[in-house]
Amino acid sequence: MTEPSGRAGRTPRLPSAADAAPDEPELDRRIGGLDLTEWRTPVGRRVAGTAHRLGSRFGARNVLIATLAVGMVLAAFFTWLASEVYEAVLENGDVAVLDRPVLASMLPLRSPVLDTVVTAWTDVGGTIGMPIVAVVFLVVLTVRRRSWTPLVLLVSAAAGSLLMTIAGKDLIGRARPPHSDAVPPYEHSPSFPSGHTLNATVIAGTVVYLLLLRQSTVVARVTTIVCGTVFVVTIGLSRVFLGHHWLTDVLAAWVLGLAWLSIVITAHRLFLTVTGARRVDSTHA
């Protein structure tokens, strides 16, 4: 019997990471109708132009890494600025006006069953749960995309979030709510900012962003955003419900987390912009 000719007699070759890499910037370029390589503000266009010039000389990947490094410096500055603002407010006694009534309103809502459920949920955003969640999404996204982009973005996001948490706690050293108002197990590290909330905001936000890049329907994108938002909000509120943090610890963590997340996303947008511009330049050369 003769061997079938053409592709019918061959085992199809699976695409490799090298095959997928050239198409990745084009696949990631849009979220719905939003072109991530378009910069609408003068500042954005100036930054994109600088990134393009640097990318032509050093490469798009190096620009991405450099942008993330500069972003970490900015994140550290934001953390210091938040600590200065917080201390100024604390000296005026304004924080207690907000924090104590909110914590007091949580006490009547507690019950053995609800306390157990909320504790289990808040542990998802903790020092054990959140790394597990991050690694699972990291592996899945890296394998499915056959790209190092999820690894670079998620690891950078997590590292910056951890540094901001440590810096904030060291700068402020705020005491947590009293144990008499908290649900055990008790925590003893400084209270400001909420590490659970900050890390959940950054990790979940980065995962949501990576998912949105490859989702083609409005329903999928809306569902992803809603799920990510609910996760971040409920993790933060669980910290207040359990008496492990003051409300202002959580509010500050949300703000700092969103600030760092915006830097990570901007770094990736610049990478996409530089890569796209280099392709156009090479085509016209």
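The values are calculated or read from the model by the stated rules, or taken from the named source; none is laboratory data. Note that the structure is a prediction, hence the values are computed from the model and not measured. Positions of Cβ are backbone-derived with ideal geometry, glycine not excepted, and every protein chain shown enters the neighbour counts. Please note that ligands, DNA and RNA were not included when accessible areas were found on the heavy atoms of the full protein model with its side chains. Shrake-Rupley method; radii C 1.70, N 1.55, O 1.52, S 1.80 Å.
For the range 137-165, a residue qualifies if it is open to solvent by 40 Å² or more (accessible area, probe 1.4 Å) and of a type in the set (D, E, K, R), and the qualifying residues are R144, R146. Within the range 104-160, the set of residues being charged (D, E, K, R) and touching a residue at least 40 places away in the same chain (Cβ under 8 Å) comprises R110, D115, R145, R146. Count of the range 166-182 residues, restricted to those that are over 17 Å from D99 (Cβ atoms) and touching a residue at least 40 places away in the same chain (Cβ under 8 Å), is 2.
Among the conditions (1) over 14 Å from the mean Cα position of the chain (by Cα); (2) more than 21 Å from A120 (Cβ to Cβ), the only one that E187 does not satisfy is (2). Only a single criterion out of (1) modelled with pLDDT under 80; (2) part of a helix (DSSP H, G or I); (3) open to solvent by 60 Å² or more (accessible area, probe 1.4 Å) is not satisfied by P25, namely (3). Filter the range 37-65 for residues that are outside any helix (DSSP H, G or I) and surrounded by 15 or more Cβ atoms within 10 Å (Cβ to Cβ) and give the result. Answer for the range 37-65, where residues must be outside any helix (DSSP H, G or I) and surrounded by 15 or more Cβ atoms within 10 Å (Cβ to Cβ): T37, W39.
Checking each residue in the range 219-234 for being in contact with a Leu (Cβ under 6 Å, 6 or more places away or on another chain) and among the hydroxyl-bearing types (S, T, Y) picks out only T224. Any chance the range 232-255 includes a residue that's open to solvent by less than 30 Å² (accessible area, probe 1.4 Å), within 28 Å of L34 (Cβ to Cβ) and not in a helix (DSSP H, G or I)? Among the residues of the range 232-255, not one is open to solvent by less than 30 Å² (accessible area, probe 1.4 Å), within 28 Å of L34 (Cβ to Cβ) and not in a helix (DSSP H, G or I), which makes the answer no. Residues in the range 178-225 that are among the small types (G, A, S) and exposed (fewer than 14 other Cβ atoms within 10 Å of the Cβ) were compared, and the one that is modelled with the highest pLDDT is A220.
Counting only residues that are part of a loop (DSSP other than H, G, I, E, B) and of a type outside the set (A, V, I, L, M, F, W, C), how many does the range 173-221 have? Qualifying residue count, the range 173-221: 19.
Taking the conditions exactly as written (part of a helix (DSSP H, G or I) and either in contact with a strand residue (DSSP E or B) (Cβ under 7 Å, 6 or more places away or on another chain) or open to solvent by 40 Å² or more (accessible area, probe 1.4 Å) (or both)), does P101 satisfy them or not? The answer is yes for P101.
Filtering A157, A175, A200, A167 for residues that are within 20 Å of D28 (Cα to Cα) and not aromatic (F, W, Y) leaves a single hit, A157.
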